[in-house]
Structures are given as structure tokens and as C-alpha cells.
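Right, one structure below, let's go through it.
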Number of protein chains: 2
Amino acid sequence: MIRAVLKYRILSRAAIGDLTGFSRAKVTSVLAHLLDTGILQETEVGESTGGRRPRLLTFNGAFGYVAGVDLGATSVDVALADFSGTVIGHQARSLDVRDGPEPVLKEIIVLLNTLLQANQVTPEQLFGVGMGVPGPVEFDTGLLTAPPIMPGWDQYPIQRTLRKAFPRAQVVVDNDVNMMALGELWAGQGMGVDNFIYVKIGTGIGCGIVAGGRLYRGSTGCAGDIGHICVDASGMTCHCGNVGCLEAMAGGRRIAQRACDAAQNGSSPLLRRWMERDGSLSAAHIGGASAHGDATANQIITESGTMIGEVLASLVNFYNPSLILIGGGVSKIGDRLLTTIRRTVLKRSLPLSTRHLRMDVSAIGDRAGVMGALSVAVETVLNVPE
Amino acid sequence: MIRAVLKYRILSRAAIGDLTGFSRAKVTSVLAHLLDTGILQETEVGESTGGRRPRLLTFNGAFGYVAGVDLGATSVDVALADFSGTVIGHQARSLDVRDGPEPVLKEIIVLLNTLLQANQVTPEQLFGVGMGVPGPVEFDTGLLTAPPIMPGWDQYPIQRTLRKAFPRAQVVVDNDVNMMALGELWAGQGMGVDNFIYVKIGTGIGCGIVAGGRLYRGSTGCAGDIGHICVDASGMTCHCGNVGCLEAMAGGRRIAQRACDAAQNGSSPLLRRWMERDGSLSAAHIGGASAHGDATANQIITESGTMIGEVLASLVNFYNPSLILIGGGVSKIGDRLLTTIRRTVLKRSLPLSTRHLRMDVSAIGDRAGVMGALSVAVETVLNVPE
């Protein structure tokens, strides 16, 4: 019912009945609840169709707000929005998730309070917080489960900590890649797309899955963990204990390691100069070297893109999406990566699967995570009994 | 509404209103349509709650019937059921799908008419036919698209041909593996399971995907085509043109080929004797030899199971199902195959994905396809405007 009002902005009781298919009695009882809580309000008078002029219902914009938090390994993005999803404030800063949950969450609460104050919103007006974290989350409990890059966060009660600071807020925690897929679905190229995959290529590699216009989390909430699909049975050992995982072979850390190797073994004089200049090398250096035509950098990108493309080709055969969106820090190292991925997918998937398949770089980029977190917060708060 | 009546067998109008949430006017208008077509009927009188004794609605069992057809490469199964899905007749016979659509469909129509007559059902009482075929189907049109093992069937109007014979029947065509997954969902181990994968290991290898309790067909209807996932970049060339596809490396045809090789190169004297006795060897011979402790047969099964298990491990990381069901002719060659698949999946998937994962052989086995075809027919016929 709220969704109907959100969509059409302003509606009569009769229109709500028609749109929802609810009986008049049900419309009346649900509306009474929503008017009572203040989410909806009765406002102007609509056009009469003969009898008494009907009162119209509209959404109470000033009723409340939601926050989105996108926690990365070394940074955090927070945003404040009203219930229609309009962002009214945004802030980002760097921090280290390895400092552990207490100082990091304290910092996030300070950031959120600053945003609230700057926008004259009281903590009591914050009704929902969505938070994406860089690790596996058991969605039902909102608890991180043995996150590899988040020491101290295993089973830490994030929801309880945030609720202590914002007592009226419902808190939803999910992994960062799911939040990014939701952000694309809500405000990015995924809008209106039924079945798509959002692939994040960063230090790690993972994906978020949208099925029938909704996020698909799998039966224990860990769907999309493609970073640990084996691409080379005689490859590097991964931090998960297995050998040749995609993430270990083609993730950001591996690309940076290969850059260091190329600098040290002399195969790339350019990378060697940059290493001497900057002290260390990252995936971004490989992107820069490739832009300068460095053959070794090009080879590393092509090999990484081929491995990622082979995994995506398997998923295309299995899942038959109409769109693959690619984001994450490493996706920015140049067109060669996407070109290689695209070429490999087209070569290795069945024609019937790729005939209508688009593969694009995310346009909302770094904002996908925080937009997804906001969307989850809105959906959760508005999911009152209908 | 029909679903509500089917589930509770007998209902009052008021109960229908409460169960569907429809307004009284909507209940009345939809009911009028269903009573008019004869799908529902008004019967006994229920218990009064004070006023006039309410008339009750029930399902008209004799109203109509549906048929399911499971077409394989060398056989066909047909079944007749009433709208509640109770099978009242079943027949199977061998035929060759390579004879082309006209003689094969003619044969199927004869079989269906025989079943109808044997059960005193007229062709006009047949309201739906679901049919599974061993090739890729564009679901919206019901047309086969370049099916590799069905020469002459490409774009052939199966639906039109069957509707000519059974003018009142709605006809739904889908690929055989999707039908099997639906059969498991409707009448097999998949009942009540939200997210599972049904894997058919036969001459080809494919899977059907259930997401949120419904069949997931993908954006162009070809989800689940895992037979063409690459498992060995330096492997055999597949009929699809690519190299090292799972189907080419571990499908029934490849296993039979490896059996012949083992017979000819002397590595298995047992298989050589059987080849001399039977003229040729199939995957079933490998199963038999394995049961006799033949080392070469065991090795072939282990290698095939490992390749299948590696692909399934990737899919488990991506899709996080709670159940994998395994069926198809080759799945019957002995426990060693399933054991190897299970061990490989557990080794290569993340613990969070496999903690609650079951992997089982289909119990309804060869009946899965025809049961799924029946379920699609029932769902299609009952999907009148609600």
C-alpha cells in the first residue's frame, strides 16, 4: 500500500483499493495503522466524481529518514536519505576495518550523527540503517561469519551496536557485493532488469545475483561467492585453503604481486621505475603501465581478464542473465580488462545465452554500495504489515 | 482462487475472500467465471454461523484432464492426470527422435488418444498438454532452437500440431531437464525446497534450476546449460564447436567411448569380453565393470565424477542451493559416481555453502520428466485470470 502511494505520490482510498485488490475493510484498517504511525497523511481534496469530495492520501516526506553505510576494507561511505530515496547528505572517509568492530562502528556512529545534525534530523527520526560489509554475512542474523579480512568482527553484534545509538532504527547488515547489486537494481543500470549479475573485481572477487527483479541470497545467504571458484588446479594457494581460486589468481592482490614480480625480474622497466618512486605497486600501477603500452602489464591484464571471463562464461551458461555489470576498484584499470572479459565470455558461452547479453562497467561505480544500503533500509522500514 | 480451492478441497465464499484478500465484489466476479466454465462447482451446504447456511465451493474433478509428454532421444513417456495431478493412465514406448517431428508427433498423438480412450476421456476434455523435449527451447514461443540431437525439429510448430489434435488443450513445451526439475519440485525430493538444482547426467549433461520455489528459466529460457562449461582447455572438441565442454569430457557418449578404448587397448580384459559379446559398449557397461572391481572402469568413473563435481562446486559457490538432485541414465552406473561428485563438491566449495547442502540421487528417477510435464499443464490450465 505504501509502495502504491510512493509510486503515484497521491491517491484516493478507492484507487488504493483498486491497485492493491484489497477489500474496503482491509484498506481502511491498514490505512488507519499507517496514518496512526505518521508514514502517510491525508491532505488535499481530490476531484469529486459526484458525491462527497474524497480525501487524498500522500506520503509524509518529513516523517523520517534512513541511512546507508558502505564499509570497505579501508574506507566508509555514509549517506542520509528520505523515505523516497532522495539523498540529502553524503560523507566518505578512510579508515581501517582491521582496527576491529568497536572503534570502526564508533567512527560510523559519529559520522552518521554529524550527517543528521547537518540536516536538522534528530536520531529519533532515523528509522532504518542499511550497512554493507566486506565479508560473508549470515543474512537472517546479520552476523559476519569468519570474515577473512575483518579480524575481530566474527559474530560481532553490529545491529545491536547501531540500534543502541539510533533506538528507533531497524538495522540490516549484508555483504558489500549484495548491497552493490541492490544499488544497481534501485538506481543504476540494473533498474528494470529481471535477471542480472553484478561482479565486483577488487582485492577480492564476488558477485551479487538478481533473479526475477529481487536479490537472490541463496539458501544460507552466501550466493555469489565466485572468488573461490577454481580456475587453475595447479595455481596459487588461496587464503581459503584451496588452490587456484579465481580471487587468488586474478584478484587485485595477485595483480599487484605480479606487478612487483615484473618490476623485480626486469620484464617491465617502467614498473621498476614506479616501484622505486612509490615504494610499492598496486593493480592501479598495472593499469597505468598498460595505458603506456607496457607489454608485461598488458599481458597481466589479458591473463586476469581471461580467467575472470572463463568463470563468467560458466555462469552465463548456468544462469542465462541478460546483463553483467562490472564494478570494483580493479575494474578501473582500463578498457583492456573489460574487452578481454567480454571476448572470453562470448567465446566460451553458448550463442543462445549471449544473443541478448549485455556486459557493461557500472556507471554509478563507487556509489552502488551506499545506494543499495539505502534501498534495503527503505524497503525494511516500509515493509509494515500490508 | 482455484489454488485455494484445490488446496483446501472445499471452501465458502467468505473463506475464499479471506484467503485471497480479494474484495467481495472481486470474489463474486471471478467465481462467476469459474462456475460458468465448470472448473468449480457449488455443492454441499456448510455449517451455518447463525444466518443463511452458506453454499460451499469445490473442485469439479470430472471437469477435465491434462497430459504430460516426456520425449527422450530414443523413447517417449506419456501420462494422463486429472486437475489435481492424480495420474490415471501412463504409457511408454521407444521411438527415435531423429525420425523428425511429423512421424514422432503423430505417434505421440496416437499414444495420447489410446490413453484417453482407455480412460473414457474425450479429446475435448483434454485441457492441457505439457511436453518436455531433449533440446533447447525458447520458452515464450515453445520452439526448439537449433537442437543438436533433433534434426528437422528446429523451429517446428509443436504446439500447433498438438492443438490440431486436441483443440481445447493449451500446450506448453520446455526442455526435458526443466521438466524434470519441475517434476522433482511437484512430486519428488524437491517438494518444499526453495532453492535447488536438478542435474541430469545422460548422453548430455544439463540442469534445471529452482529459485524461490519456482523454476528459473533465465532471460532467454536457456538457463541450466552446464554441459558446455569448459572443464579442460586442452580436452576433446565438443559438438558445439568449443573444446573441453563438460558434456564432451564426462557425458554418456564420452564414457562409452572410453569403455571402447579400454576394450581395444587391452587395459580392461573384462570390457573387451563384453564388447565381443555385445558388439558395442555403453556407459552401463562401465557401471557393470566397476561393480566387478574393474580398475579401468573405476578410474573412468572417478575421473568423470571429478569433472562433474568441479563444475557443481563452482555452481554451489555461485548459487548456494540447499539441495542437488542427480538423475539421468548415466547417474545409474553405480554409487562410485555420486560418491566422487559429492567428495569433489565438498572439497572445492566454501564451507558456508555446503554446511546445509544435501546431494542425492533422484528417487522418482525416470518419472521426473513426465511428472513435471503434467505439473506445467495443470498450472497453465488453472492460471485463469484471478
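The values are calculated or read from the model by the stated rules, or taken from the named source; none is laboratory data. What you are looking at is a predicted structure, and each value in this text was computed from that prediction instead of being measured. All Cβ positions, even for glycine, are placed from backbone atoms using ideal geometry, and neighbour counts span all protein chains on display. To get the accessible areas, we keep the full protein, side chains included, count just its heavy atoms, and leave off ligands, DNA and RNA. Shrake-Rupley method; radii C 1.70, N 1.55, O 1.52, S 1.80 Å.
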From A:Ile201, A:Ile197, A:Ile209, A:Ile226, residue being more than 13 Å from the chain's Cα centre (by Cα) and open to solvent by less than 10 Å² (accessible area, probe 1.4 Å): A:Ile226
May I ask you to list the residues in the range A:288-307 that are open to solvent by 10 Å² or more (accessible area, probe 1.4 Å), away from chain B (no Cβ under 14 Å) and closer than 24 Å to A:His228 by Cα? A:Gln299, A:Thr302
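Determine which member of the set A:Thr122, A:Thr74, A:Thr145 is within 14 Å of another protein chain (Cβ to nearest Cβ) and in contact with a helix residue (DSSP H, G or I) (Cβ under 9 Å, 6 or more places away or on another chain). Give the steps one after another, and end with the answer.
Working: A:Thr122 fails: within 14 Å of another protein chain (Cβ to nearest Cβ); A:Thr74 fails: within 14 Å of another protein chain (Cβ to nearest Cβ).
Unique residue meeting the criteria: A:Thr145.
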How many residues, within the range A:287-336, are in contact with a Leu (Cβ under 8 Å, 6 or more places away or on another chain) and hydrophobic (A, V, I, L, M, F, W, C)? 12
Which one of these does B:Asp261 not meet: (1) open to solvent by less than 40 Å² (accessible area, probe 1.4 Å); (2) away from chain A (no Cβ under 13 Å); (3) closer than 30 Å to B:His292 by Cα? (1)
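Please indicate, with yes or no, whether at least one residue in the range A:172-179 is crowded, with 18+ Cβ neighbours inside 10 Å and more than 30 Å from A:Leu338 (Cβ to Cβ).
Residues of the range A:172-179 crowded, with 18+ Cβ neighbours inside 10 Å: A:172-179.
Still in the running and more than 30 Å from A:Leu338 (Cβ to Cβ): A:172-173.
Yes, some residue in the range A:172-179 is crowded, with 18+ Cβ neighbours inside 10 Å and more than 30 Å from A:Leu338 (Cβ to Cβ).
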Looking only at the range A:2-12, decide whether some residue is at pLDDT 75 or above and surrounded by fewer than 19 Cβ atoms within 10 Å (Cβ to Cβ). yes
What are the residues in the range A:333-353 that are in contact with a helix residue (DSSP H, G or I) (Cβ under 9 Å, 6 or more places away or on another chain), under 28 Å from B:Gly224 (Cβ atoms) and not small (Gly, Ala, Ser), if any? A:Leu338, A:Thr340, A:Ile341, A:Arg342, A:Arg343, A:Thr344, A:Val345, A:Leu346, A:Lys347, A:Arg348, A:Leu350
Just one of B:Cys245, B:Cys240 is more than 9 Å from every other protein chain (Cβ to nearest Cβ) and closer than 28 Å to A:Val210 by Cβ; which is it? B:Cys245
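Picking from B:Gly293, B:Gly288, B:Gly309, which residue would you name as being modelled with pLDDT of 95 or more, in a helix (DSSP H, G or I) and farther than 30 Å from B:Arg355 by Cα? Steps first, please.
Working: B:Gly293 fails: in a helix (DSSP H, G or I); B:Gly309 fails: farther than 30 Å from B:Arg355 by Cα.
Just a single option satisfies the conditions, and that option is B:Gly288.
Every residue, every condition in (1) surrounded by fewer than 20 Cβ atoms within 10 Å (Cβ to Cβ); (2) part of a strand (DSSP E or B), yes or no:
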| site | (1), (2) |
| --- | --- |
| A:Pro321 | no, no |
| A:Ser331 | no, no |
| A:Arg336 | yes, no |
| A:Arg342 | no, no |
| A:Lys347 | yes, no |
| A:Ser353 | no, no |
| A:His356 | yes, no |
| A:Asp360 | yes, yes |
Here is a check on your reading of the model: is B:Leu80 within 19 Å of the chain's Cα centre (by Cα), of a type outside the set (Phe, Trp, Tyr) and within 16 Å of B:Arg168 (Cβ to Cβ)? yes
What number of residues in the range B:229-253 are crowded, with 23+ Cβ neighbours inside 10 Å and basic (Lys, Arg)? 0
If you check every pair at least six apart or on different chains, which have Cβ atoms under 8 Å apart with a residue in the range B:308-327 that is facing chain A (nearest Cβ under 7 Å) first and a residue that is among the basic types (Lys, Arg) and not in a strand (DSSP E or B) second? B:Glu310/B:Arg348; B:Ser314/B:Arg348; B:Asn320/A:Arg217
Free of Cβ contacts under 8 Å to residues at least 24 places away in the same chain and within 14 Å of chain B (Cβ to nearest Cβ), is that true of A:Leu346? yes
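Here are some residues: B:Ala32, B:Ala73. Which one is in a loop (DSSP other than H, G, I, E, B) and at pLDDT 80 or above? So that I can check it myself, show each step before the final result.
Working: B:Ala32 fails: in a loop (DSSP other than H, G, I, E, B).
When all the criteria are applied, what remains is B:Ala73.
Would you confirm whether or not the range B:151-159 contains a residue that is hydroxyl-bearing (Ser, Thr, Tyr), closer than 23 Å to B:Ser375 by Cβ and open to solvent by 10 Å² or more (accessible area, probe 1.4 Å)? Spell out the reasoning first.
Of the range B:151-159, the ones hydroxyl-bearing (Ser, Thr, Tyr) are B:156.
Filter again for closer than 23 Å to B:Ser375 by Cβ, leaving none.
No, the conditions are met nowhere in the range B:151-159.
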Complete set of residues in the range A:362-386 that are out of contact with any strand residue (DSSP E or B) (no Cβ under 7 Å at 6 or more places or on another chain), under 30 Å from B:Gly21 (Cβ atoms) and open to solvent by 20 Å² or more (accessible area, probe 1.4 Å): A:Glu379, A:Asn383, A:Val384, A:Pro385, A:Glu386
If I go through the range B:238-279 residue by residue, how many of them are touching a residue at least 60 places away in the same chain (Cβ under 8 Å) and not in a helix (DSSP H, G or I)? 3
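Could you tell me which of the residues A:Ser280, A:Ser322 is of a type outside the set (Val, Ile, Thr) and at pLDDT 95 or above? Steps first, please.
On the way: A:Ser280 fails: at pLDDT 95 or above.
Checking each option against the conditions leaves just A:Ser322.
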Considering residues of the range A:211-228 that are farther than 25 Å from A:Ala284 by Cβ and of a type in the set (A, V, I, L, M, F, W, C) only, the residue farthest from the other protein chains (Cβ to nearest Cβ): A:Leu215
Starting from the range B:353-373, keep only residues that are hydrophobic (A, V, I, L, M, F, W, C), then list their pairs with residues that are surrounded by 20 or more Cβ atoms within 10 Å (Cβ to Cβ) and part of a loop (DSSP other than H, G, I, E, B) whose Cβ atoms are within a distance under 8 Å, requiring at least 6 positions of separation or different chains. B:Leu357/B:Pro321; B:Leu357/B:Ser349; B:Ala363/B:Gly188; B:Ile364/B:Gly188; B:Ala368/B:Gly188; B:Ala368/B:Ser362; B:Met371/B:Gly188; B:Met371/B:Ile364
